[in-house]
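First comes the structure, then the notes that go with it.
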Amino acid sequence: MAEKVIMPKQGLQMTEGTILSWLVKEGETCEEGKPLFEMETDKLTITMDAPASGTLLKIVHGEGDVVPITELIAVIGTPGEDISAILSESGSSTQAAAPESVQASAPAQPDAAAGGYDFDAVVIGAGPGGYVAAIRCAQLGLKTAVIEAVDVGGTCLNRGCIPTKALLHPAEIYETIAKEAAQAGVHADNLAVDYSEVYAFKEKVVKRMTGGVEKLLKGRKVTIIKGRATLTGAHSMVVDGKEYTSDKIIVATGSEPARIPIPGIDGEGVLNSNGVLASDKLPEKVVIIGGGVIGIEFATLYNSFGKDVVIVEALPRIMSTMDEDASTVMSDVLSSKGVEIHVNAKVTEIKDGPTVVYDENGTIGEASGDLVIVAIGRRPVTKDLGLEAVGVKVSDRGFVEVNDKLETSVPNIYAIGDITGKVQLAHVASAQGCVAAANAAGGNKTIKYDVIPSVIYSNPEVAAVGITEAEAKAKGLNINTGFFSTAGNGRSVILGSTSGFVKLVTEAVTGEILGATIVAPHASDMIAELAVAMNSEATIEEIADTVHPHPSVSEIIMEAAHDVEKLSVHKM
Ligand SMILES: Cc1cc2nc3c(=O)[nH]c(=O)nc-3n(C[C@H](O)[C@H](O)[C@H](O)COP(=O)(O)OP(=O)(O)OC[C@H]3O[C@@H](n4cnc5c(N)ncnc54)[C@H](O)[C@@H]3O)c2cc1C
């Protein structure tokens, strides 16, 4: 099938681009991912790759033409293929005219979908993957709809990132006043928490954020369809008995809490993250099954409010995906605050109570609470979506198979977010959404996962990007490390957070930054500095030579960069 080449949008402000030169002539063959033409925007000159392999059947815009974004500039297909419909739809001549003689056609009309479909692009699921993809599709001139079965904003805004942080914020205020204020000369009497008000605060934040997303979608003229979609064909889906058709489809149906088949898992007082976030009760004692990201954040929440917390983790350490030193520090911090942690402890049963029974290195233990939280990971929402029926390949574990352009095994269907099983984080889903939308609009973007920051909103926060020291060693890389403790940092001392650190992992010869782990206040904000440095291929020297503000926690990054060369001034 013929593939349209359109003027891509290279940057948020771009509205048009100038074709500088065609690197493949009409009638010649081009290869997907290989240079096709050079173009210029007001900011940059760039070589664009062919979006597909085939014969360059028609060049619609020649060298020197200034073309609005998303407008057709060429068509790739097989020799002899009838492309008259594509050309007339874009207002172009159906003759194989010389490139120079082709006139600019009208800009894309967002109100009219291509190819007789209802929409140019339909996104299924309005989480941080789906709503971002829908907005970006609309920004790129596509007539777009988004279908949402439950709540706009998805897991992240309704049952994940935002509500957990909206609860952790009052918890931190409480802990600071309860444990630290007096040392700094601030005394508060009758400190009390009204959890129903904490809950109401969380709800208010969620409502504001989801309302904002709805406004953005409407402002971009994205049609919001409420209901559960099932695919009925490569270009069609049904919602509540009504069929919709679309040229491109982006599937972004996300994930839900995983279940473990242990006796008592459905018992009273046993909740997953959805249940916990929907409850306005503050339990006195909580047993958390799972010491991963979600488990540690819930442990932080209840411990900060002064409640008893027990963590039961099957693996040898909590936060097993993070650098081992970060696990050790957080384990010590949580234990010093009274959290009971059991590792190498496999849950065998949840008895009435509820009481968690676990096997810890061969010894049977029990932990009771008035709430048991099951935080053992998430599974993709891909069942009953009709994916397999329309030919989209899904793995044994239910994840949709995609390439680095987010294309599935069906050419016009893309998949993004948690269902791709890459990195289950909101910002990854959004980044994938932008790439899929660009490709749906005729672009040729790819995504890489080597510079993805991840954060645990514990107290102090834990943040990481790139690879850990252990991963670098396992790969046999020649590395240096730089380390700096928050105990040597003025701002951290003021904030009462002296057990943290930053560790930088660098390539020994080139100084390239391979990864970083931070355990410190504001680690979630500071990790972005290292992500930018890695993305722009900055060396450790450039971090070390960048003057950081004083006093700030960010100085630990500069000190660790100096430490790579054993030149940290504030370290013995
Ligand atoms: C407690 C918790 C805390 C988290 N904290 C963070 C954090 O701090 N930072 C972070 O980056 N990530 C965090 N995450 C993970 C983050 O929420 C997910 O990675 C992210 O929401 C995935 O986005 P998504 O768009 O792929 O899917 P989702 O957000 O799950 O959205 C999918 C949407 O699709 C809809 N849907 C499903 N099936 C259909 C259908 N057939 N038709 C129509 N609609 C459908 C669903 O209703 C849902 O709204 C957290 C998760 C949890 C559970």
Part-to-part distance (alpha-carbon centres) for the stretch 405-458 and the stretch 239-292, which is given in Å: 22 Å
VAL547 paired with ASP396, simple spin-label distance in nm, labels 7 Å along Cα-to-beta-carbon: 5.9 nm
Estimated dipole of the stretch 330-440 in Debye, rounded to 20 [Cβ of Lys and Arg +1, of Asp and Glu -1, Cα centre]: 420 debye
Estimated distance in nm for a label pair at LYS475 and THR230, the labels positioned 7 Å out from Cα along Cα-to-Cβ: 4.4 nm
Debye, to nearest 20: dipole size of the stretch 270-375, +1 on Lys, Arg Cβ, -1 on Asp, Glu Cβ: 180 debye
Rounded FRET efficiency, nearest 0.05, which uses the C-beta distance separating ASN403 from ASP450 and R0 of 22 Å: 0.85
Cα-centred dipole magnitude for the chain, charges only on beta-carbon of K, R (+1) and D, E (-1), debye, nearest 20: 980 debye
Relative packing of peptides 466-473, 304-311, 334-341 - highest average C-beta neighbours within 10 Å first: 304-311, 466-473, 334-341
Ordering of 32-42, 506-516, 184-194 by burial proxy (mean other Cβ atoms within 10 Å per residue, highest first): 506-516, 32-42, 184-194
Förster radius 45 Å - calculated FRET efficiency between MET1 and THR498, Cβ distance, rounded to 0.05: 0.10
Tilt relative to the chain, helix 324-336 - C-alpha long axis, 0 to 90 degrees, to 10: 40 degrees
Pairwise label distance in nanometres, ASP352 with ILE177, each label 7 Å out on the Cα-Cβ vector: 4.0 nm
Listed residue (LEU477, VAL410, LEU20) projecting farthest to the positive dipole end of the chain, Cβ model: VAL410
Listed residue (CYS137, ALA437, VAL152) projecting farthest to the positive dipole end of the chain, Cβ model: VAL152
Per residue, the convex hull volume that the Cα atoms of the stretch 270-375 enclose (Å³): 87 Å³
For the stretch 126-190 versus the stretch 525-546, the gap between their alpha-carbon centres in whole angstrom: 27 Å
Convex hull of the stretch 460-564 built on C-alpha atoms - directionally averaged projected area, nm²: 5.7 nm²
Cross-link partners of LYS58 among lysines (Cα-Cα below 28 Å; sequence separation of 8 or more within a chain): LYS4, LYS9, LYS25, LYS34, LYS43, LYS143, LYS248, LYS405, LYS445
Per-selection metrics, the stretch 272-318 (Cα): Rg and Dmax in Å: 10.5, 33
Peptide ranges 447-458, 169-180 listed from the most packed, as the mean C-beta count within 10 angstrom indicates: 447-458, 169-180
Contour minus Cα-Cα distance for MET14 and ALA200 (0.36 nm per residue): 62.8 nm
0 to 90° range, to nearest 10: angle between helix 195-219 axis and the chain longest Cα axis: 10 degrees
DSSP-defined beta bridges in the chain - what % are antiparallel, rounded to 5: 70 percent
Per-bin percent of Cα-Cα distances, the chain [10 Å]: 3, 15, 22, 23, 19, 11, 5, 1, 0
Rel. contact order, % - alpha carbon contacts under 8 angstrom, at least six apart, the chain: 11 percent
Using alpha-carbon coordinates, inclination of helix 426-440 to the longest axis of the chain, degrees: 0 degrees
Amide proton proximity set for ALA74, modelled H, under 5 Å, gap of 5+: VAL5, VAL60
Rounded FRET efficiency, nearest 0.05, which uses the C-beta distance separating SER21 from VAL569 and R0 of 35 Å: 0.10
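Each reported figure results from applying straightforward, stated rules to the coordinates on display, with no laboratory input. In this text the structure is predicted, and so the values were computed from the model without any measurement. As a convention, Cβ positions derive from the backbone with ideal geometry for all residues, glycine included, and neighbour counts pool all protein chains shown.
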